[in-house]
Amino acid sequence: MSRLWGLYIRLIGIQIRSQLQYRVSFLMELLSTGLLNGTYFLALVLIFERFKSVAGWTLGEVAFLAGLIEMSFASMDMIFSGFDPDSFSTKIRSGTLDQMLLRPLPIALQVLGSRWELRRMGRILEGLVIFGVALNLSPVNWTVGKMIYLPVVFLSQVLAFGALFIMGSTLTFWTVQPVEAVNILTYGGNELMTYPATIYPIWLQRFFTYAVPFIFLNYYPALYFLDKPDLLGLTPLAPFLAPLAAAAMMTIAVLFWRFGVDHYQSTGS
């Protein structure tokens, strides 16, 4: 295990050094990534200037949702870049994946270490700024439990989105091209979790509760941190199911990935 971890660190180190070769270009890309993705929050501010609240949520409370999910999604996008269905499908079409399969290393480790988008740090910092604004506008009554649970929720979100990337990449074993429906769940899910679940129609709430458990990853933990009442009437344990939801999604993703690798047939490129 320590040997594999060491190899992964070396692969990531190569990626980082290559991206830092042109420092000015990297810093400009980092800045532009953060600023461009942050413009949506300005639009959110304008909305609240007009309506003051959305489904009983203030700007600070929605910023809490937005900042946390922005940090976790950007972190996932950096760590799991190799499993991004768009880039992974390129590996299949070009035959790069076939080369990886011939090496005496776990294929998942190679894919995970094949791409590390350090420029996503710009988006992480943007999310951190929004989260800081949220804490200023809607201060959290911090307890020991909340301080311990916050990083757990963050890691749960990273793993859950990473699981969707893995499942999306696995689908390309058969489709070769990336499946757009996966982007609806990943990038669309990121946008969906930016807002309180109560603004969505019942059928959508149920889908993202029982089919894809997004509601347990951001909305319910936010209720706990912000001491808000549960208007959906689920179990009192709902705010604490984030790690369970993430573990379930990652388990399904890993099993699906193994099935895909076992049944993979080269494209012949």
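The values are calculated or read from the model by the stated rules, or taken from the named source; none is laboratory data. Quick caveat: nothing in here was measured; it's all calculated off a predicted structure. Methodologically, a virtual Cβ is constructed for each residue, glycine included, from the backbone with ideal geometry; neighbour enumeration extends over all protein chains shown.
Only one of Phe225, Phe214 is in contact with a Lys or Arg (Cβ under 7 Å, 6 or more places away or on another chain) and surrounded by 19 or more Cβ atoms within 10 Å (Cβ to Cβ); which?
Details: Phe214 fails: in contact with a Lys or Arg (Cβ under 7 Å, 6 or more places away or on another chain).
Only one candidate passes the filter, namely Phe225.
Yes/no per residue for (1) out of contact with any Gly (no Cβ under 6 Å at 6 or more places or on another chain); (2) loosely packed, with under 12 Cβ neighbours inside 10 Å; (3) free of Cβ contacts under 8 Å to residues at least 12 places away in the same chain:
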site	(1), (2), (3)
Ala181	yes, yes, yes
Gly188	yes, no, yes
Met193	yes, no, no
Thr198	yes, no, no
Trp203	yes, yes, yes
Arg206	yes, no, yes
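Please enumerate the residues belonging to the stretch 65-79 that are surrounded by 24 or more Cβ atoms within 10 Å (Cβ to Cβ) and among the acidic types (Asp, Glu).
Hit for the stretch 65-79 is Glu70, nothing else.
Which numbered condition trips up Val62, out of (1) of a type in the set (Val, Ile, Thr); (2) out of contact with any Ser or Thr (no Cβ under 9 Å at 6 or more places or on another chain); (3) buried (at least 16 other Cβ atoms within 10 Å of the Cβ)?
Unmet for Val62, out of (1) of a type in the set (Val, Ile, Thr); (2) out of contact with any Ser or Thr (no Cβ under 9 Å at 6 or more places or on another chain); (3) buried (at least 16 other Cβ atoms within 10 Å of the Cβ): (2).
Can you give me the ranges of the helices (runs of 4 or more DSSP H) entirely in the stretch 167-269 with at least 2 residues that are more than 20 Å from Pro151 (Cα to Cα), modelled with pLDDT under 95 and β-branched (Val, Ile, Thr)?
Answer list for the stretch 167-269: 180-192.
With respect to Phe80, determine if the residue is modelled with pLDDT of 85 or more and within 16 Å of Ile12 (Cα to Cα). Let's see the steps before the verdict.
Details: modelled with pLDDT of 85 or more: yes; within 16 Å of Ile12 (Cα to Cα): yes.
Criteria met by Phe80.
Please state which of the following conditions Ser89 fails to meet, knowing it meets all the rest: (1) crowded, with 20+ Cβ neighbours inside 10 Å; (2) more than 29 Å from Thr194 (Cα to Cα); (3) of a type in the set (S, T, N, Q).
The failed condition is (2).
Need the failing condition index for Asp230 against (1) of a type outside the set (Val, Ile, Thr); (2) within 21 Å of Phe131 (Cα to Cα); (3) surrounded by fewer than 20 Cβ atoms within 10 Å (Cβ to Cβ), just the number.
With (1) of a type outside the set (Val, Ile, Thr); (2) within 21 Å of Phe131 (Cα to Cα); (3) surrounded by fewer than 20 Cβ atoms within 10 Å (Cβ to Cβ) applied to Asp230, the lone miss is (2).
Find the residue count for the stretch 1-13, including only residues that are β-branched (Val, Ile, Thr) and either exposed (fewer than 10 other Cβ atoms within 10 Å of the Cβ) or farther than 9 Å from Trp116 by Cβ (or both).
As a first pass, look at the stretch 1-13 and keep what is β-branched (Val, Ile, Thr): 9, 12.
Now restrict to residues that are either exposed (fewer than 10 other Cβ atoms within 10 Å of the Cβ) or farther than 9 Å from Trp116 by Cβ (or both): 9.
Count: 1.
With (1) surrounded by 15 or more Cβ atoms within 10 Å (Cβ to Cβ); (2) closer than 18 Å to Tyr224 by Cα as the list, and Pro139 as the residue in question, which single condition is left unmet?
Unmet for Pro139, out of (1) surrounded by 15 or more Cβ atoms within 10 Å (Cβ to Cβ); (2) closer than 18 Å to Tyr224 by Cα: (1).
Of all helices (runs of 4 or more DSSP H) completely enclosed by the stretch 70-128, which ones contain at least 2 residues that are under 27 Å from Phe154 (Cβ atoms)?
85-94, 107-113
When residues of the stretch 78-96 are filtered for being touching a residue at least 60 places away in the same chain (Cβ under 8 Å) and touching a helix residue (DSSP H, G or I) at 6+ places or on another chain (Cβ under 8 Å), how many remain?
Counting residues in the stretch 78-96 that are touching a residue at least 60 places away in the same chain (Cβ under 8 Å) and touching a helix residue (DSSP H, G or I) at 6+ places or on another chain (Cβ under 8 Å) gives 8.
Show the residue pairs that are 6+ apart or on different chains and have beta-carbon atoms under 6 Å apart, the first residue being within the stretch 146-159 and closer than 18 Å to Ser81 by Cβ, the second being in a helix (DSSP H, G or I) and polar (S, T, N, Q).
Gln157/Ser72; Val158/Ser72; Val158/Ser75
Kindly indicate which of Phe41, Phe83 is under 29 Å from Thr198 (Cα atoms) and of a type outside the set (Ser, Thr, Tyr). Please lay out each step first, then the result.
On the way: Phe83 fails: under 29 Å from Thr198 (Cα atoms).
Every option except Phe41 fails the conditions.
Suppose we filter Leu97, Leu65 for residues that are of a type outside the set (D, E, K, R) and farther than 26 Å from Tyr220 by Cβ; which single one remains?
Exactly one residue qualifies, and that residue is Leu97.
Only one of these is touching a Gly at 6+ places or on another chain (Cβ under 6 Å), closer than 26 Å to Met250 by Cβ and aromatic (Phe, Trp, Tyr): Phe165, Phe154, Phe173. Name it.
Numbers: Phe165 fails: touching a Gly at 6+ places or on another chain (Cβ under 6 Å); Phe154 fails: touching a Gly at 6+ places or on another chain (Cβ under 6 Å).
After applying the criteria, what remains is Phe173.
Can you work out which of the residues in the stretch 42-59 that are in a loop (DSSP other than H, G, I, E, B) and either touching a Phe, Trp or Tyr at 6+ places or on another chain (Cβ under 9 Å) or touching a residue at least 24 places away in the same chain (Cβ under 8 Å) (or both) is surrounded by the most Cβ atoms within 10 Å (Cβ to Cβ)?
Thr58
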